[in-house]
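The values are calculated or read from the model by the stated rules, or taken from the named source; none is laboratory data. The structure presented is a predicted model; accordingly, all values stated were derived computationally and were not measured. Ideal geometry is used to build each Cβ from the backbone, glycine not excepted, and the neighbour counts take in all protein chains shown.
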Amino acid sequence: MANTILYIDDEPDLAATLAERLEPLGHRLTHVEHTDEALALMRSGAVDLVLIEPQLTTCDGLELLEQVCRIGSQNQEPVPAVVLTRGGRTPALYGRALELGVREFLTKPVTVSQLVASIEGALGEGTEDRDEASWVEPSSAEELNPEGELDELLVPELLHRLHARGYSGLVILKGGDDRLGVQFRNGSPAAVSSTGGKETAEDFLLRTGRITAEEHEELVGRLFVGLGGPRDVLADMGILSEEEIEAALLEHAEEPLLRTFGWTTGSYRLLPGKKLKGAEAHEIGRSLPGLLVDGVLRHSPDEQLRGQLARRGALYVSRAVDEDIEGWVADLTLTPELRELLEAMQGDRTVAEIVASGDVDVRSFYGLVLGGALELHLEPILLLIEETAEVGETWHDEGCAPQARPPADREAVRRAEELSCLAGALAQQDDFAVLEVSELASDEDVRRAYRAQLEALGVAGPKPEDPRVAQLVEQIRGRVAIAFRHLQDVESRASYAAARREEEKARAAQEEAARALEAEGWFRKGERFLRSKRYDEAVEAFGMSAHLDPEEGEYVSHLGWALYLKQPDDDLVRREALEQIARGIKLSPRRALPYVYLGRIFKAVGDPEQARKMFRKATKVDPDCHPALQELRLLEMRDQKHKGVLGRLRKK
């Protein structure tokens, strides 16, 4: 028996195409535009699913949604509802839809294939496709549980979802006797701490063949007597270049995290807002997508990867074209075969077809998918393009090439264009702006404003003869009528105003989160430039991070330090650098590195006492701040050496 789907929308463009796609699947689509027809069909009990657009121009769509859901819930089998709206996922509309039990909330534009998948999912069919679609958009999938098992959610999958959500806080991973803490900041891993055997940097260098046993022995001796940290001692010994030292220390920090990609059992726990202790943390200098690819290639078991790819077998694969993704992909050390693999993914083959062909290494393929270099789609890319393309202003005679539409009455066309612009502008305004009244207006003021706006907008007269003009006039009248219903009494105005304020708060919070995420991205770039001594680029990157998030003192301090390193001999630049670092300390006083930067500048200009004060302040903030402790040790060694020279001079 065919399912009957009631589609309520005053824009009929989608109805015919959707009906055609649903018919072979055993579903019959009934499209209506008006409230009375919709409610009559619902009361008849002949509807199996409701697809509704709440942003209707002829009535209050939210009120209709409430009535439809109330009638549907009275049936022996409740009628599921799917929202498809051009109005966006506003907090008020989305929240009310959830309260009413709406199965899915979609926003236009949406492809026909995605809409069919949602309908079948709401009817209890096509669940496999819906699972895959939720994976393609992990940020819209169900929220992660605060605790879980790693045999159900692999470590790379877990990190991937945290990245998609912009997670900030601690992730505790447990596997056997190993316990790992990963510090996330705005969706990116910033530091890691492991209890599974703390291998020193010098032992790591020996194990990975970067230094010989003799060099290792000498390095350990110099570290033991306090000649500096591994980075500085290695540089003094001349064993490795600065780039090689930097790469080795980053790999040493990342390795405990990458090893967890091979865990087949264990557990995870999320601690939002928590941080690792400074003494335990090793900073990570790479973006998560790069770590995902590297960790999967080196550690993830083939059998598990095949299982993850099998879950996505029906999805089509294409190469990502996002500039940020292309940037980190370019930094990866990919074989020519992998680069050819990326170029070959044009969206016309499914995951299952690619794996079955044997043309690709499963490990590499999965890593590039999870890292975002390869994107997954419900349909072939060409089909998606065809479905989302706008209909052009052409028409076809049978067997003829496209031609311009037949000319219409010029005045009607001009009037339609004018009303279309007006309708678009009203759709973007809130109800107070539509009626040009304030929250403090009286009921009589609102009634007068309603009548005055219909006159002012030129839609108060009789219905025009031209169908297109008549449709636009009704659309504008409907928009003004909805505004009037929402604001006609004191309680309604107060409720609507409160909802608008909540929407503005939510929008502001989203914008702030986006700016914070972008700022963090620039900051991480600046750190990489700083380590590579590319000071011009570091200044630009830190400047962008400070511009996007001017209240984050760490960004401001790093900008000052980069300015100084760019022109250390320029007095004006040095003064500006000191001011920036000091301002950063004022904004974020619990950061130790800015004090170290100040101390190094004072030390460079010949003021060791002021430098010593700054280094000591750094150790008060973080007693285990290695750069500050190292600088204090060097100053102490210099003082001892100076005293020795003076003593010998006095004896003479």
Quick one: which residue in Ala508, Ala538 is out of contact with any helix residue (DSSP H, G or I) (no Cβ under 6 Å at 6 or more places or on another chain) and either at pLDDT 90 or above or small (Gly, Ala, Ser) (or both)? Ala508
Can you list residue pairs whose Cβ atoms sit under 7 Å apart, with the first residue in segment 447-464 being more than 17 Å from Ala423 (Cα to Cα) and the second being in a loop (DSSP other than H, G, I, E, B)? Count only pairs 6 or more apart in sequence or on different chains. Ala449/Glu436; Ala449/Val437
Right, Lys652: of a type outside the set (Gly, Ala, Ser) and modelled with pLDDT of 90 or more or not? no
All-but-one check, Glu218 against (1) more than 13 Å from His252 (Cβ to Cβ); (2) part of a helix (DSSP H, G or I); (3) under 43 Å from the mean Cα position of the chain (by Cα), failing number (3)
Can you spot a residue in segment 196-210 that is surrounded by 14 or more Cβ atoms within 10 Å (Cβ to Cβ) and β-branched (Val, Ile, Thr)? no
Pick out the one residue from Ala248, Ala253, Ala310 that is surrounded by 15 or more Cβ atoms within 10 Å (Cβ to Cβ), assigned to a helix (DSSP H, G or I) and without any contact (Cβ under 8 Å) to a residue 60 or more places away in the chain. Ala248
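Hey, could you check segment 279-296 for residues that are part of a loop (DSSP other than H, G, I, E, B) and closer than 15 Å to Gly521 by Cβ and say which is modelled with the highest pLDDT?
Checking each candidate, the answer is Ile284.
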Would you confirm whether or not segment 608-622 contains a residue that is surrounded by 16 or more Cβ atoms within 10 Å (Cβ to Cβ), under 35 Å from the mean Cα position of the chain (by Cα) and assigned to a helix (DSSP H, G or I)? yes
With criteria (1) more than 30 Å from Arg451 (Cβ to Cβ); (2) in contact with a helix residue (DSSP H, G or I) (Cβ under 6 Å, 6 or more places away or on another chain), Glu503 comes up short on (1)
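In segment 623-633, how many are buried (at least 16 other Cβ atoms within 10 Å of the Cβ) and either at positive phi or part of a helix (DSSP H, G or I) (or both)?
Number of matching residues: 7.
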Of residues in segment 11-44 being under 35 Å from the mean Cα position of the chain (by Cα), without any contact (Cβ under 8 Å) to a residue 24 or more places away in the chain and surrounded by 14 or more Cβ atoms within 10 Å (Cβ to Cβ), the one farthest from Leu472 (Cα to Cα): Ala19
